[in-house]
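Here the structure comes first, spelled out in structure tokens, and everything after it is commentary.
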Amino acid sequence: MRVFNTLTRKKEEFTPLREGRVGMYVCGITAYDVCHVGHARSAVVFDVVSRYLRSRGYDVTYVKNFTDVDDKIIERANREQTGIAEIAERFIAEHNQDMEALGVEPPTVTPRATEHIAGMIRLVETLLAKGLAYRVDGDVYFAVDKFPGYGRLSGRGLEDMLAGARVDVNEKKRNPLDFVLWKASKQGEPWWESPWGQGRPGWHLECSVMSQRYLGDSFDIHGGGEDLVFPHHDNEIAQSEAATGKPLARYWLHNGFVRVNSEKMSKSLGNFFTIREILKQYRPEVLRLFLLASHYRSPVDFSDAALAEARQGMERFYSTLKALRDQAAHGQAPPEGSATEREIVDHLAGLRGRFCEAMDDDFNTARAIGYLFDTVRLLNAALADKKAVLSRQVLTQAEQSLREIGAVLGLFGEEPDVYLRRDREAEAQKRGIDPAEVEALIAERRASREAKAWQRADEIRQGLAARGVVLKDSPAGTTWSIP
């Protein structure tokens, strides 16, 4: 395995600190609002990283935090005249509901910042004792010029950071880039007792403490969105390594942005789509496929056209899975030495290896999904060939191979019949088509054909086709879809 390490800006061989075990920390949400598609991308990307590592036999400890005290949470709590705990609890529950809908497996540990205040105070005390932080009027700041190599993750020098960053004007700071470790309490804000008076932790502090608590001073993978590289992850490195004298993480992985009209999707820009909004129109696996069809480090352009393409892709996968199962139920012995059967068997024998080759190359889900589409094309050609009869064993093997690989990507988790029915019903409703009406017309068409009223049967087919509904007749009956 080779992974792209943001810290070194190159692909490196993946060698965990402890053989057979992987510690991974990923920055989670600030719990003040519902999640958008940008949050979904990070969640799905690192869900697949965790799934793949486990499929390779690693024992993975996956830690993903919740920020449950923050300026935005406080602002919302004050606006709604409630407490920060109530706000955080509500949106953590909303987040968990969205993740479950998307098929994201729960991380091993999901710590909250407010559960680790004591550890944050200890870390600040260590930095003060080492002369790497300073106190001003109840606030505590990290002195970046005391930490050699500050900014090496982002690759920015101090002058570049000052020129390119939004730096708060704060006369308390010795250096404009110094960042707050502990904030003195203000009127109407939550606070905790500390050696420096009543206050609360700075945002950057929590991840250093929680990763240390569950993974140790050094661990294998630190992940997050690329917007966190500077300043959040630069600051994490500074405060953690200054305190422990050890490297924080061996490999730093960052997913690219979801973009709308070439701009990053974000709440601050007001160009975001919530996960819940999207799942009202598309099946969850459609959104997963859309997010995984590009390499995780690349930006993805969010659009209805891109989601429609992903929907068609999932329909193709599930239709193939259904055809494999249906034909296996009526399987026949293939002719002796069937060339098609041998080709399918040889292809399936190498599929897992090709999938792992793609995923071992910096978790290249785009290439891996391409191999799955190659497999589906080969299978569909064989299934459509009346002269090529596939054995029940090979049909079952093909379905199992697709499902086993799909499980690593969080795909193909539903029964084909159920998925296809729900997908077409959702698409029908989106286009203003009543599924019950379609079923009634199909029943009328069947009755017309049995009565040899061919003209009426053709009228029904053509009328549905004009509305985007495609009928498919088979010995088992008539099914419908909306491409």
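Summary table below
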{"item": "Pairwise FRET efficiency - R297 versus W454, Cβ, R0 = 51 Å, nearest 0.05", "result": "0.35"}
{"item": "Pairs of Cα atoms farther than 19 Å apart, the stretch 365-483, %", "result": "61 percent"}
{"item": "Kirkwood hydrodynamic radius (C-alpha pairs) into Stokes-Einstein, the stretch 1-153, 25 °C and 0.890 mPa s, D in µm²/s", "result": "134 µm²/s"}
{"item": "(1) 25.6; (2) 22.0; (3) 26.9, with the label sought being that of the calculated mean projected area of the Cα convex hull in nm²", "result": "(3)"}
{"item": "Beta bridges per DSSP with both ends in the chain, % antiparallel, nearest 5", "result": "55 percent"}
{"item": "Stretch gain in nm, segment A329-D417, where the contour uses 0.36 nm per residue and the Cα spacing is subtracted", "result": "30.2 nm"}
{"item": "Rule-of-thumb Rg ratio for the stretch 112-247 [Cα; 2.2 N^0.38 Å; N residues]", "result": "1.01"}
{"item": "Size of the stretch 431-481 as Cα extents on the principal axes (Å, biggest first)", "result": "32, 22, 15"}
{"item": "Restraint check, K72/K173; K10/K246; K146/K264; K186/K246; K64/K430; K280/K452, Cα-Cα greater than 32 Å", "result": "K146/K264; K186/K246; K64/K430; K280/K452"}
{"item": "For the stretch 399-440, the spread of Cα positions along each principal axis, largest first, Å", "result": "37, 18, 9"}
{"item": "Equivalent ellipsoid semi-axes, the stretch 305-415, via Cα gyration tensor eigenvalues times 5, rooted, Å", "result": "25, 16, 12"}
{"item": "Volume per residue of the C-alpha convex hull in the stretch 2-280, rounded to whole Å³", "result": "139 Å³"}
{"item": "Residue order, fewest to most beta carbons within 10 Å, for T108, T365", "result": "T108, T365"}
{"item": "Potential extension, R9-K280 segment - 0.36 nm per residue separation minus Cα distance", "result": "93.7 nm"}
{"item": "Mean separation of Cα contacts under 8 Å, 6 or more apart, over the residue count of the stretch 305-415: relative contact order %", "result": "40 percent"}
{"item": "Cβ-derived FRET efficiency at R0 22 Å, E437 paired with A101, nearest 0.05", "result": "0.20"}
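Every number here is computed from the coordinates shown, using simple stated rules; none is lab data. Nothing here was measured: the structure is a model prediction, and the numbers come from that model. Using ideal geometry, Cβ is built from the backbone for each residue, glycine included, and neighbour counts are taken over all protein chains shown.
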